[in-house]
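First the structure, in the form of structure tokens, and then the observations on it.
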Amino acid sequence: MADPLTILALKFLLDQVHVAQQAQAPSVQQENVINLRDAGEVGEAILKCYHPTGRFHSVDVIETPWSRGPQYRARSSTLLRIDYSGGFTRRPYVIVVALVERDDQLKAIIQQDSAVVPANPRCSLDQWVPLERRPE
């Protein structure tokens, strides 16, 4: 588990951000705006993007900044471990995801996923997603 100062820094960073996600179906396009207020909401939002039926349990900040962030030219980055259970099997799984931010865009990079079912290939966080800064 991360130290309290790291968690507060992450919450502060994420409290300043709106992530605009677009969920696309073959003939339907809709926009979801996720207000990321704390690490729990971040973990749950990431899980729902990659494993929509997964049941979120917890998230731990493993590393901030992420040691591999510079290869993505990240201005800020963090590595998260998300514990969840399968929606149908209820078996425990872990997904480790890096969040990187640069040029007012956010991207998630899966580092590890123990689920039997592959992560959703249509998760918009696999691409650079524009960030909307919340007005002060």
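With respect to the numbered conditions (1) farther than 19 Å from Ala119 by Cβ; (2) at pLDDT below 90; (3) loosely packed, with under 13 Cβ neighbours inside 10 Å, which one is the sole condition not fulfilled by Arg73?
Checking Arg73 against (1) farther than 19 Å from Ala119 by Cβ; (2) at pLDDT below 90; (3) loosely packed, with under 13 Cβ neighbours inside 10 Å, the one that fails is (2).
Note down all Cβ pairs under 8 Å where the first residue falls in segment 92-112 and is more than 17 Å from Glu63 (Cα to Cα), the second is charged (D, E, K, R) and surrounded by fewer than 20 Cβ atoms within 10 Å (Cβ to Cβ), and they're at least six residues apart or on different chains.
Going by the 8 Å Cβ cut-off, the qualifying pairs are Pro92/Asp83; Tyr93/Asp83; Tyr93/Asp113; Arg102/Arg73; Arg102/Arg75; Asp103/Arg75; Asp104/Arg133.
Scanning for something under 14 Å from the mean Cα position of the chain (by Cα), assigned to a strand (DSSP E or B) and under 18 Å from Ala39 (Cα atoms), does segment 118-128 turn up at least one residue?
Looking through segment 118-128, none of the residues is under 14 Å from the mean Cα position of the chain (by Cα), assigned to a strand (DSSP E or B) and under 18 Å from Ala39 (Cα atoms).
Could you list all residues from segment 33-57 that are at pLDDT below 85 and either closer than 22 Å to Ser114 by Cβ or in a helix (DSSP H, G or I) (or both)?
Ala39, Gly40, Glu41, Val42
Considering only segment 70-89, how many residues are part of a strand (DSSP E or B) and closer than 13 Å to Asp103 by Cα?
Looking only at that region, the number is 2.
The values are calculated or read from the model by the stated rules, or taken from the named source; none is laboratory data. Keep in mind the model is a prediction, meaning the values are calculated, not measured. So basically every Cβ, Gly included, is an ideal-geometry build from the backbone, and we count neighbours across all protein chains shown.
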